[in-house]
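A short worksheet on the structure shown next.
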Amino acid sequence: MDKSKRKVVIAGNWKMNMTPAQTEAFIKELAPLVKGKDDSVTVLCVPFVDIATAVKAAEGTNIHIGAQNVHFAEKGAYTGEVSADMLKAVGAEYVIVGHSERRQYFGETNDTVNARLKAGLAAGFKMILCVGETLDEREKNITFETVSLQTKVALKDVSKEEMANVIIAYEPVWAIGTGKTATSEQAEEVCKAIRDVLAGIYDKATAEATTIQYGGSMNTKNAKELLSMKDIDGGLIGGASLKTADFSELVSDAQ
Ligand code: PEP
């Protein structure tokens, strides 16, 4: 399968930014800027408290709304967490799991990422699974091993059929929020390696059909080149997703 047959997904990760009122204003401003730009899928992954507002504001537009995490249990004594049913009830369509900030600051492991991913898939969400090496891992020359392990453990017991709802975001940790972007060659090399891992777990067709994004300081200056690479099918975008002008330009770059 050639790249043009894969879904290109431009997803914003707002992290801990924006109130509901700001969310509504942002989406009203963004909608006309991305209208008709349907060669890629536009997603905004917003804080939990903004989801309902975002879903309402995005009605009738081509903007899809996602969450930034989901818990693996159906319900119960998990203070501060949010279940798949809750996210369904407020209309989210996408969920990010395994973001490096969750791994770094909140003790997320490959196993909990796997549990969260499976819970999200079982509830019918489109899942964005983040993987990526730290600077230390890159310098020790274990980038491929790290990313391969993260991918394999996160996808344990995820079926080939379920892979239709899994997007992988390759996000080198050293490039997130630092202004340091991986070169297009570095990003391509790892995205290709992830595709090879998928071919090993599943088969070539599944690997070829899976959307693999790059994330890490993607911006209006570097996006075109990154998006032109053979194995990069979109972006997961933090900082540049907080300004309508920048984010809509990234969507345009993906057309
Ligand atoms: C991210 O949060 O996933 C991300 C890639 O952030 P930034 O674009 O700001 O580096």
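In region 197-218, which residue that is polar (S, T, N, Q) and either within 16 Å of the ligand (Cβ to nearest atom) or more than 17 Å from Val131 (Cα to Cα) (or both) is surrounded by the most Cβ atoms within 10 Å (Cβ to Cβ)?
Within region 197-218, the match that is surrounded by the most Cβ atoms within 10 Å (Cβ to Cβ) is Gln213.
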Identify the residue in region 141-196 that is of a type in the set (D, E, K, R), more than 21 Å from Lys15 (Cα to Cα) and under 18 Å from the mean Cα position of the chain (by Cα) and, among all such residues, is nearest to the ligand (Cβ to nearest atom). Glu188
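Would you call Glu101 part of a helix (DSSP H, G or I), closer than 29 Å to Thr244 by Cα, open to solvent by 40 Å² or more (accessible area, probe 1.4 Å) and among the acidic types (Asp, Glu)?
When the stated conditions are applied, Glu101 passes them.
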If we keep just the residues of region 155-169 that are closer than 20 Å to Gly238 by Cα and without any contact (Cβ under 8 Å) to a residue 60 or more places away in the chain, which is surrounded by the fewest Cβ atoms within 10 Å (Cβ to Cβ)? Val166
Qualifying positions in region 139-161 - in a loop (DSSP other than H, G, I, E, B), of a type in the set (Val, Ile, Thr) and under 17 Å from Asp203 (Cα atoms): Val158
Looking only at region 142-154, which residues are open to solvent by 100 Å² or more (accessible area, probe 1.4 Å) and either among the acidic types (Asp, Glu) or closer than 14 Å to Pro172 by Cβ (or both)? Glu145
Exactly one of (1) hydrophobic (A, V, I, L, M, F, W, C); (2) without any contact (Cβ under 8 Å) to a residue 12 or more places away in the chain; (3) in contact with an Asp or Glu (Cβ under 7 Å, 6 or more places away or on another chain) is unmet by Ala199. Its number? (3)
Search region 219-239 for residues being in contact (Cβ under 8 Å) with a residue 40 or more places away in the chain and within 10 Å of the ligand (Cβ to nearest atom), and hand back the single one that is farthest from Gln22 (Cα to Cα). Gly235
Failed item in (1) under 30 Å from Ser248 (Cβ atoms); (2) open to solvent by 10 Å² or more (accessible area, probe 1.4 Å), with Leu135 passing the rest: (1)
Here are Glu74, Glu93: which of them is of a type outside the set (S, T, N, Q) and touching an Asp or Glu at 6+ places or on another chain (Cβ under 8 Å)? Glu74
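The values are calculated or read from the model by the stated rules, or taken from the named source; none is laboratory data. Everything quoted here is computed from the prediction, not taken from an experiment. All Cβ positions, glycine included, derive from the backbone under ideal geometry; neighbour counts span all protein chains shown. In case anyone asks, the SASA skips ligands and DNA or RNA and just uses the protein heavy atoms, side chains included. Shrake-Rupley method; radii C 1.70, N 1.55, O 1.52, S 1.80 Å.
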